[in-house]
Amino acid sequence: MLFVKNKIRQLLTLAAVLTCLAVPNLVSAQVPYGKALKAKRVGQAKLFAIQGVVAAGISLDAAGQAEIKVFVTDDKVRGVPKMIDGVPVKRVKSGPFSAYQNRKQARGGNKGKPGSGGDDGGGDGGGEVVNDNPRTRFDRAVPIGVSIGATSPNYCFAGTLGCRLKGFNLTTGATDYFILSNNHVIANENSATPGFDLVLQPGSLDSGCTLSADDVIGTLYDFDTINFNGAANSVDAAIASTTPLETGFATPSTIYGAPTSGTLSASPGLVVKKFGRTTDLTEGVVDAINVDVNVGYDKGTAFFTDQIVIVGRSRRGRKYVTSSFSAGGDSGSLIVSADGNVPVGLLFAGSSSFTIANPIATVLDRFSSPNTNYLMTVDDGN
Amino acid sequence: MDNKPVSTDRITNAKQVLLNLPGVCAVGVTDVDAVVTLKVYFESIETLEAADLPSQIDGIPVQAVVSGRFNAN
């Protein structure tokens, strides 16, 4: 015990020294990112006081200059400034967001009961009993954030259904629907075959290690191959074709509802949440962006660039304390902004205290033209 | 350290140096009081203590944390 305490003391000392050495010397308005972040923080309260503003973040324009991106519900929103403290503001119409629902009020103590999946949105369909236990089987159309798996692994497994994607077919003009999750969840780390392997709800780990035709909700359509040879990876992602009768666009109605179709670039400090198979609804904060990381898989180690690191938090009284954001089985979860449900990332890895996610825009780009014949967006139900 | 703007190239180069340190699982970009800062994730306290971690690289501050190894989950 003493050894551990000494180690912790040494670590805290080192962290304090590093922070003290690091911080004072670079405070400068010349840092584009820092200047933009500071301006956003200064102007954030006023921005969110404007009716119709649902999210704000930092991104880079085409010239690489930092800008503040403000997401609004529609073109009628007035009062968004063009500049904040010298930083340009870019206005983006993201559409109306669904209302955040109070989970505690709505849960009703029915956790663990299988069943009332519900309407096309994946909510409760107006019934009295709402199933919000993601480890159970749901009536079709299944909500997002729940247990799924694939037919290909020869062992019991479950991950999470991230969200439903809407694919605009560039040839036919038709709209097709897809399940988004991880390669390692529905494509078995590159081993599955598109057009052949199936997606099950729930995953076999949650169905007594059985594979049933009744549980099929999609067919693997495409995946991004994970390189285990040291070459850089961008995403751990896969999509499966599905229909609105099989897969809904929203979480169970007691959770947060539908994500928006617009996306948000992660920025340090951004508060996010996810609903996933193992740890249900959790909240976290973006700890770092542009992260290069080595991730362990069954098939070896894979190197990823430009990822997002998130640290979980939960409220204890009036304070926030660090807590778990994810655990095994949450892979594939869609990470959205805590305010407004704007998609930010696709959860795919973690350690005991941190979670790693692919930027959602990178994921959508991977499955959009010219890699496929589609233009992909997160399905918000509209 | 200096007050030069932090370019993508500077961050990329600094990340590469840090990633090559033993016990480093990940390196990313965060901010400390609106200052661009490199965040280094170590697999254990032992590797963090053993690492010859600089307080800054090319003028960019460095912050360290023990995360444990990352695995697909």
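The values are calculated or read from the model by the stated rules, or taken from the named source; none is laboratory data. All of these numbers come straight from a predicted model, not from anything done at the bench. Backbone-built Cβ (ideal geometry, glycine too); neighbour counts: all protein chains shown. All accessible areas refer to the heavy atoms of the entire protein, side chains included, with ligands and DNA or RNA removed. Shrake-Rupley method; radii C 1.70, N 1.55, O 1.52, S 1.80 Å.
Between B:V24, B:V36, B:V62, the GNM of chain B built on Cα springs shorter than 10 angstrom shows B:V36 fluctuating the most. Here B:T12 sits with roughly 70 square angstrom of accessible surface, probe radius 1.4 Å.
So how do A:291-303, A:260-272 stack up, highest first, on mean other-Cβ count within 10 Å?
Details: A:291-303: 18.5, A:260-272: 22.2.
Descending packing order for the listed peptides: A:260-272, A:291-303.
Answer rounded, prolate or oblate for segment B:8-66, using the Cα gyration tensor with square roots of eigenvalues a ≥ b ≥ c: rounded when a/c is under 1.5, else prolate when a/b is larger than b/c, else oblate. Since a/c reaches 1.5 and a/b is larger than b/c, the shape of segment B:8-66 is classed as prolate. Once a ≥ b ≥ c are taken as the square roots of the eigenvalues of the Cα gyration tensor of segment A:279-382, is the result rounded (a/c under 1.5), prolate (a/b larger than b/c) or oblate (a/b not larger than b/c)? Oblate, because a/c is 1.5 or more while a/b does not exceed b/c.
Could you work out [θ]222 nm for chain B from helices alone, using -39500 (n - 2.57) per DSSP H run of at least four and dividing by all its residues? Round to the nearest 500 deg cm²/dmol. If you can, show how the numbers build up before the last one.
Details: 2 runs with 18 residues, N = 73.
It lands at -7000 deg cm²/dmol.
Averaging Cα coordinates gives a centre for segment A:359-382 and one for segment A:159-221; these two points are 15 Å apart.
Neighbours of A:T362 by Cβ distance under 12 Å: Lys/Arg scored +1, Asp/Glu scored -1, total -3. The Cβ shell under 12 Å around A:T372 holds other residues with a net charge of -3, Lys and Arg each +1, Asp and Glu each -1.
Mind ranking A:R277, A:R135, B:R69 by accessible surface for me, highest first, 1.4 Å probe?
Numbers: A:R277 30, A:R135 65, B:R69 160 Å².
The residues order as B:R69, A:R135, A:R277, largest area first.
Could you report segment B:8-66's accessible area per residue, 1.4 Å probe, as an integer in Å²?
On the way: 2150 Å² over 59 residues.
It amounts to 36 Å² per residue over segment B:8-66.
Averaged over the residues of A:296-306, the number of partner chain Cβ atoms lying within 10 Å of the residue Cβ comes to 2. Return one number: the angle in degrees, 0 to 90 and rounded to the nearest 10, between the long axis of the Cα atoms of helix B:8-19 and the longest principal axis of the Cα atoms of chain B. Taking the Cα atoms of chain B, the angle to B:8-19 is about 30 degrees. Per-residue mean of foreign Cβ neighbours for A:349-362 is 4 (Cβ atoms of other chains, 10 Å radius). Given axes a ≥ b ≥ c from the Cα gyration tensor, I'd like to know whether segment A:121-205 is rounded (a/c under 1.5), prolate (a/b larger than b/c) or oblate. The shape class here is oblate. Using heavy atoms of the protein chains and a probe of 1.4 Å, the accessible area assigned to A:F275 is about 0 Å². Only protein heavy atoms count here; on that basis, with a 1.4 Å probe, B:K39 has an accessible area of about 20 Å².
Accessible surface buried by the A/B pair amounts to about 3700 Å², both sides summed, 1.4 Å probe.
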